[in-house]
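Throughout, read-outs are computed from the coordinates displayed, never taken from laboratory work. This structure is a prediction, so every number in the text was calculated from the model and none was measured. Here the Cβ positions follow ideal geometry from the backbone for every residue, glycine too, while neighbour counts run over all protein chains shown.
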Amino acid sequence: MDGPSIKERVFAAAERVAADGVPTVAAVRAAAGVSNADATKYLRDWKAEQVAAAGQVPATPAPLAEHAARLAGAMWAEASRTAAERHAALEAAWTQEKAAAEQELAELAADLDKATEEAAAAAREAARELAAATAVAEAAGARAAEAAHAGRNCDGRPPSSLLSSPRPGQPRKPSARPTPPCWPASVPPHRGAADRPRSPPRVTG
């Protein structure tokens, strides 16, 4: 019966040396009793297999997989419930804020309508007051013009009684000449019999 091959001897020596540290070519060659070339070749193959084995993930046992699935389902259900509650709270807060904003907007619109109506009413009242004041001023001006016209002679001068007004504390002097009345041009003054023009005397021969 043949003994282990050179490859097997190098692999076994590499396992023993790796238990105490990092296997080297010299350490494996001495432990396996092979040449330096065989130790180098098969140690390189052993390291490659170690790397490949480390990259492989062993299959998950069935009980562990079932437990992990139940745990994942429970966590997902809890996360979904929390998310739903959070969404409901946010939606309620948003609805409340929206209602408050709409109420505030309606109040602002009502205040604006009220202010506009009050401004229009004030403008109308100011226009009425201005019209009334204008009418009063025009009437006062007309009365003043009538009074000024009635207080002047036909030639436009003030009455002589106003010109001869005494100073304060002195008796009033009678006017030297009465002020003739100012007749309108269309109404001649009344003439008596003495004021009528006389015919020249008739000459008899």
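Quick notes on this one:
- Taking every alpha-carbon pair under 8 Å whose residues sit at least 6 apart, the range 1-112 reaches a relative contact order of 17 percent.
- Phi-based couplings in Hz for the range 73-85 (Karplus 6.51, -1.76, 1.60; Gly and Pro marked x): x, 5, 5, 5, 5, 5, 5, 5, 5, 5, 5, 5, 5
- Straight Cα distances below 12 angstrom link K47 to the aspartates and glutamates E15, with same-chain residues fewer than 8 positions distant left out.
- Local charge for A135 was computed over the other residues whose Cβ lies under 14 Å away, with Lys and Arg +1 and Asp and Glu -1, and equals 0.
- Residues R86, R16, ranked from the fewest to the most other C-beta atoms within 10 Å, line up as R86, R16.
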